[in-house]
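Below: the structure, in structure tokens.
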Amino acid sequence: MELLPTIWFIAIAVLWTGYLFLEGFDLGVGMLMKLFARNNTERRVLLNTIGPVWDGNEVWLLTAGGATFAAFPLWYASLFSALYLPLLVVLLALIFRAVAFEYRGKVDTDSWRNRWDWAIALGSFFAAFGVGAALALTTTGLPLNANGDREGGPLAWASGYALLGGVAVVGFSLLHALAFLALKTDGDVRHRARQWFVRLLPVLLLPIAAWALAIQFMDGKPWTWAAVILAVAAAVTAWLLARRGSEGRAFLALGAFLVLGTTAIFGAVFPVVLPSTLDSAFDLTISNASSSDYTLGLMSIVAAFGLPLVVAYQAWTYWVFRRRVSAAHIPEAHSFLPAVAARAFTTKG
């Protein structure tokens with residue numbers, strides 16, 4: 001088995017895992033703006049927990065996509081062209097979400113904030129669902145022909161596995177957000193988040209567990225089955241720790257669940273990077289989908305210097321903003337637009 005393609009397959013799996021871990025909780029917090037927060041003050045608490053980090057977390061999505069493009073161009077071309085429509089929805093969802101973060105607090109009226117709260121919640125939902133569907137399909141397969149082109153119409157990708165993957169990432173993101181809020185907030189938000197986490201963990205992790213088990217039954221290896229068993233143990237540990245009020249350890253245990261789960265999924269399909277549901281002879285693998293050794297070698301040198309810098313910067317950001325946020329830290333709301341402009345915005349529609 002080629003060394004450099006294997007290394008970059010592992011690197012891309014790590015990047016997707018990092019994205020799900022970091023962006024997972026802030027997508028979940030976005031969805032909880034409408035599902036969990038009871039009033040504007042609580043919504044501002046939720047926004048303040050992710051305000052310093054959400055845009056940095058999205059770097060992992062760009063890096064994962066860019067690494068796939070450079071290291072495995074055929075994988076990138078087949079996946080992104082086959083999933084053009086859902087990935088366009090993901091892009092629009094991320095744009096609306098980002099705009100909402102910036103515009104929500106510009107005018108001090110309930111109607112104005114409510115519109116942007118829905119933009120954050122729905123943008124977070126569709127982004128999480130779309131990414132989950134794409135990752136599920138890259139591990140279960142698409143109708144690809146011998147040239148790596150999609151057979152069928154623009155909805156040929158729609159399947160039960162796409163739905164399962166989307167629901168799996170949405171469920172994990174919501175649970176991860178509850179663990180994060182229990183760790184990062186204080187007061188009533190903190191206690192309710194921990195209670196919701198304990199109650200909902202068995203339900204919200206069922207879809208991602210079903211995805212992992214489906215992959216194991218199709219392509220599982222002894223060591224990936226062992227990773228699944230350890231992932232279940234990590235989930236149980238997170239639940240027990242949360243019941244005891246150990247929020248930091250519960251958050252880390254849930255992170256361990258994610259790492260073990262993605263290890264089991266990516267490890268089971270290796271060395272295939274994108275299966276074909278038409279014929280296994282059309283599968284894209286690390287051998288037939290990768291760039292040249294020269295390209296991969298040059299990428300390895302750049303990544304050896306660049307990736308530690310990104311990780312160090314993000315770690316520093318989380319350390320600087322490590323303190324808990326509570327309603328007591330939230331100042332009174334006020335408009336940033338002139339009164340005339342504010343009235344114009346809020347009276348239209």
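The values are calculated or read from the model by the stated rules, or taken from the named source; none is laboratory data. Keep in mind the model is a prediction, meaning the values are calculated, not measured. Positions of Cβ are generated from backbone atoms using ideal geometry, with glycine treated the same way; all protein chains shown enter the neighbour counts. Please note that ligands, DNA and RNA were not included when accessible areas were found on the heavy atoms of the full protein model with its side chains. Shrake-Rupley method; radii C 1.70, N 1.55, O 1.52, S 1.80 Å.
Tabulated data
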{"item": "Surface share of carbon and sulfur [accessible, 1.4 angstrom probe, percent] for the stretch 1-102", "result": "73 percent"}
{"item": "Lysine pairs with alpha-carbon atoms under 30 Å apart, the chain, spacing 8 or more or separate chains", "result": "5"}
{"item": "Cα centroid separation, the stretch 230-251 to the stretch 188-217 (Å)", "result": "11 Å"}
{"item": "Accessible area of the stretch 154-261 belonging to carbon and sulfur atoms, whole % at 1.4 Å probe", "result": "73 percent"}
{"item": "Ellipticity estimate at 222 nm from DSSP helix runs (n ≥ 4, -39,500 (n - 2.57)) divided over the chain, nearest 500", "result": "-25500 deg cm²/dmol"}
{"item": "Rounded accessible area per residue of the chain, 1.4 Å, Å²", "result": "47 Å²"}
{"item": "Total formal charge among the other residues, if their Cβ is under 15 angstrom from that of L61, Lys/Arg +1 and Asp/Glu -1", "result": "-3"}
{"item": "Relative contact order, percent, the chain [alpha-carbon distance under 8 Å, six or more residues apart]", "result": "25 percent"}
{"item": "Most fluctuating residue given options Q195, Q216, Q314, as computed from a GNM of the chain linking Cα atoms under 10 Å", "result": "Q314"}
{"item": "Candidates G248, G132, G267: whichever shows maximal mean-square fluctuation once the chain is modelled as a Gaussian network with Cα springs under 10 Å", "result": "G248"}
{"item": "Most mobile listed residue (L240, L258, L201) in the chain, GNM with C-alpha springs under 10 Å", "result": "L240"}
